[in-house]
Amino acid sequence: MVHDLSACTIRNFTPDEWPFYRAIRLRALEDAPDAFGSTFAAESALPPEQWAARMARSATSGIDHALAAEIGGQPVGLAWAKVDADDPSLVNLFQMWVAPEARGQGVAAGLLSEAVRWARARGASAVQLGVNCANEAALGLYARAGFVATGWREPMRPGSDHVEQRMRLAFAQGE
């Protein structure tokens with residue numbers, strides 16, 4: 001699926017784009033280290049084969065929806081929707097990030113919209129995500145899209161002072 005938001009295009013990553021995915025993922029981890037459960041150090045140490053395998057799985061698993069956002073052919077964002085391993089009616093959203101130079105242009109809303117569209121199309125009952133409680137912009141984006149806090153909170157990752165909260169968007173039956 002390709003969405004064009006004026007100058008921004010939201011589309012699926014293809015398996016051969018693992019270097020493109022790696023570059024934007026590492027940029028996200030470097031730019032916003034407190035927004036993710038993983039770290040730049042951990043992921044930058046991964047060998048090319050692991051990046052390639054991750055992209056190959058996303059294209060063939062049927063349960064992954066890896067999204068790229070581009071402006072003028074340049075990567076400016078990503079998001080990853082994945083069917084929950086324990087509950088196939090639930091889709092989890094991970095790795096949501098938009099480059100600083102592209103913020104405020106609807107890129108994040110476009111990524112979120114496509115992830116939600118995909119979840120609905122597969123018959124999911126809800127989409128959930130974890131967000132740093134201190135990230136007001138992300139909290140606002142998710143609230144405007146209808147996500148609500150579930151009450152679940154925990155540290156972003158072991159040793160982190162930052163707290164992540166879970167938010168969920170439930171779909172009405174028949175949506």
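The values are calculated or read from the model by the stated rules, or taken from the named source; none is laboratory data. All figures in this text were calculated on a predicted structure; none of them were measured in a lab. Here the Cβ positions follow ideal geometry from the backbone for every residue, glycine too, while neighbour counts run over all protein chains shown.
Observations on the structure shown:
- Among the residues of region 73-125, those identified as within 15 Å of residue 9 (Cα to Cα) and of a type in the set (Val, Ile, Thr) are 76, 98, 107.
- Every residue from region 32-53 that is modelled with pLDDT of 95 or more and of a type outside the set (A, V, I, L, M, F, W, C): 43, 44, 47, 48, 49, 50
- Test result for residue 137, out of contact with any helix residue (DSSP H, G or I) (no Cβ under 6 Å at 6 or more places or on another chain) and surrounded by fewer than 18 Cβ atoms within 10 Å (Cβ to Cβ): yes
- Of all residues in region 31-72, those being free of Cβ contacts under 8 Å to residues at least 40 places away in the same chain, touching a helix residue (DSSP H, G or I) at 6+ places or on another chain (Cβ under 7 Å), among the small types (Gly, Ala, Ser) and within 22 Å of residue 14 (Cβ to Cβ) number 1.
- Tally, over region 142-167, of residues that are surrounded by 14 or more Cβ atoms within 10 Å (Cβ to Cβ), modelled with pLDDT of 95 or more and outside any strand (DSSP E or B): 3
- Within the option set 138, 170, being of a type in the set (A, V, I, L, M, F, W, C) and at pLDDT below 95 holds for one residue only, 138.
- Any chance residue 78 is under 25 Å from residue 40 (Cα atoms) and either in contact (Cβ under 8 Å) with a residue 12 or more places away in the chain or out of contact with any strand residue (DSSP E or B) (no Cβ under 7 Å at 6 or more places or on another chain) (or both): yes
- Among the residues of region 107-125, those identified as surrounded by fewer than 17 Cβ atoms within 10 Å (Cβ to Cβ) and closer than 18 Å to residue 141 by Cα are 109, 113, 117.
- Residue within region 132-141 that is out of contact with any Leu (no Cβ under 8 Å at 6 or more places or on another chain), assigned to a helix (DSSP H, G or I) and farther than 25 Å from residue 39 by Cα present: no
- Output for region 138-175, where each listed residue is within 16 Å of residue 116 (Cβ to Cβ) and either of a type in the set (A, V, I, L, M) or touching a residue at least 60 places away in the same chain (Cβ under 8 Å) (or both): 138, 141, 143, 145, 148, 167, 169, 170, 172
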